Amino acid sequence: MTPRSFSRAAARSGDSSRSRPACSRAASSWPSASAPTRFATDRLHFVYRGVYAVGRPQVSRHGTWVAALLACGSEAVLCHQSAAELLGIRRARPGLIHVSVPAHVLRRVPGVEVHRRAALRVAAHEGIPATSPADTLIDLAVGLPRAALETAINEADKHDLIDPETLREVLADTAPRPGVRALRDLLDRATFRLTESELERYFLPVVRRVGYPSPRLASRSAASRSTSSGPASDS
């Protein structure tokens, strides 16, 4: 299934609430007789150029992501903070929606930060195309503080998106780009530990600074994975 078909599917059925509108891309040309009827019947509300909300003008977070993807073209996927929110490894933040497109695509959309990529590893989540969990973490590594990045890695593991060892393997096969080195350094086997809480994440650096060996932390059980309710608090 292509990114466009993912986007269209999410626009139609990705939001379970019937009170929330779907988003659709306007046809390039409509018969003059049918256009007024369509607008009057469906009550289309402008979101981005060529993209409209059907029904109410209020659009959910997922609906806004879908609208941004439709506005950026058939090969667009969520990335950076937006992909992290979709994957559940970062809490929602105000700001631009981040979208990646292939390098040959030129798009400028108000309210959307468009990143042009030579290569894209795409994974669908809840019917919406996004960068893979590994690439999302690489993108986050460019600007996030160390503690917040550790939190995101832990959340990715909790949600069974990618574990640290698999992430190390992906990084080993990834060409140099911003974020790769920072993520590799953070995942150093001698110092990195999966943690269950923010307190544990703050405690480990203190132990290292005073020269004590890293403590054994409680292993993450299947029960703790299944009961995880969302990303932990981070910066």
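Derivation of every value follows stated rules applied to the coordinates shown; laboratory data play no part. For clarity, every value in this text was computed on a predicted model and none was experimentally measured. Virtual Cβ from ideal backbone geometry, glycine too; neighbours counted across all protein chains shown.
Details
- Gyration tensor (Cα) of the stretch 117-187, equivalent ellipsoid semi-axes in angstrom: 17, 15, 12
- Modelled FRET efficiency - R0 35 Å, LEU96 with GLU165, Cβ distances, 0.05 increments: 0.60
- Other-chain or far-sequence residues with amide H under 5 Å of LEU144's (modelled H): none
- Simple label model, 7 Å out from Cα along Cβ direction - HIS104 to ARG146, nm: 4.3
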